[in-house]
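> Sharing a structure below in structure tokens format, with a few things to ask.
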Amino acid sequence: PLRRLRSARAERLVAAATAVGAGAVVVATALVRDGAVLAAQRTRPPALAGRWELAGGRVEAGEAEEDAVVRECREELGCAVSPTGRVGTDLLIDAGVLRVHAAVLVDGSAPTALEHAGLRWVGPAELEAVDWVDADRAVLPDLRALLGPS
Ligand code: 9L3
Ligand code: MG
């Protein structure tokens, strides 16, 4: 119940902030396959280039978060995914708020680095060693729980 309350309150704050142009909702995808999560190496901006993230981007006006996850994965990874639920809590980032959604690949689909410098599947034992962007590093405990024991 506490989680729900906090999330409803966060929802209103984000709606208010977005209405005055203070920030965007950014979705990130915890794409899981065979007990590993996909990390993607950013190429921009210079401050984030070379560091690793969960692929994603800004939710467009009127777009559902799950639809944004599907669209961003198609645009950035050239693959078809199916979102399976939220991971972790809302994270404040410079751009606004970051929300992570778990997802699985649609049968036969595989990710390619169309906009990233590289991709790697990261198992639970390797999560800590990856040079994640700060926002995504905050999700590691939730990713570990999502992937299960190493
Ligand atoms: N961002 C942080 N972590 C992520 C993603 C997908 C995005 N996992 C931040 C980086 C940018 C902003 O959100 O400041 C918008 O993302 P993008 O459109 O540059 O991918
Ligand atoms: Mg992006």
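The values are calculated or read from the model by the stated rules, or taken from the named source; none is laboratory data. This is a predicted model, so every value here is computed, not measured. We place every Cβ from the backbone using ideal geometry, glycine too, and count neighbours over all the protein chains shown. To get the accessible areas, we keep the full protein, side chains included, count just its heavy atoms, and leave off ligands, DNA and RNA. Shrake-Rupley method; radii C 1.70, N 1.55, O 1.52, S 1.80 Å.
> Looking at the stretch 38-60, I want the residues that are hydroxyl-bearing (S, T, Y) and have a partner that is open to solvent by 40 Å² or more (accessible area, probe 1.4 Å) with Cβ atoms under 6 Å, at least 6 apart or on another chain. Which pairs are those?
Every condition considered, the pairs that remain are T43/A49; T43/A117.
> For residues that are under 21 Å from E115 (Cβ atoms), surrounded by 21 or more Cβ atoms within 10 Å (Cβ to Cβ) and out of contact with any Cys (no Cβ under 8 Å at 6 or more places or on another chain), tally how many sit in the stretch 79-98.
Here the count works out to 2.
> When the residues of the stretch 44-78 are filtered to those that are touching a helix residue (DSSP H, G or I) at 6+ places or on another chain (Cβ under 6 Å) and within 13 Å of L119 (Cα to Cα), which remaining residue is farthest from ligand 1 (Cβ to nearest atom)?
A55
> Hey, another quick one. What's the number of the condition D131 fails, among (1) crowded, with 18+ Cβ neighbours inside 10 Å; (2) in contact (Cβ under 8 Å) with a residue 60 or more places away in the chain; (3) among the acidic types (D, E)?
Looking at each condition in turn, D131 falls short on (1).
> Of all residues being within 12 Å of ligand 1 (Cβ to nearest atom) and closer than 16 Å to E128 by Cβ in the stretch 31-43, which is surrounded by the most Cβ atoms within 10 Å (Cβ to Cβ)? Just the residue, please.
V37
> Which of the residues that make up the stretch 61-72 are in contact with a Lys or Arg (Cβ under 8 Å, 6 or more places away or on another chain) and within 13 Å of ligand 2 (Cβ to nearest atom)?
Selection gives A68 alone.
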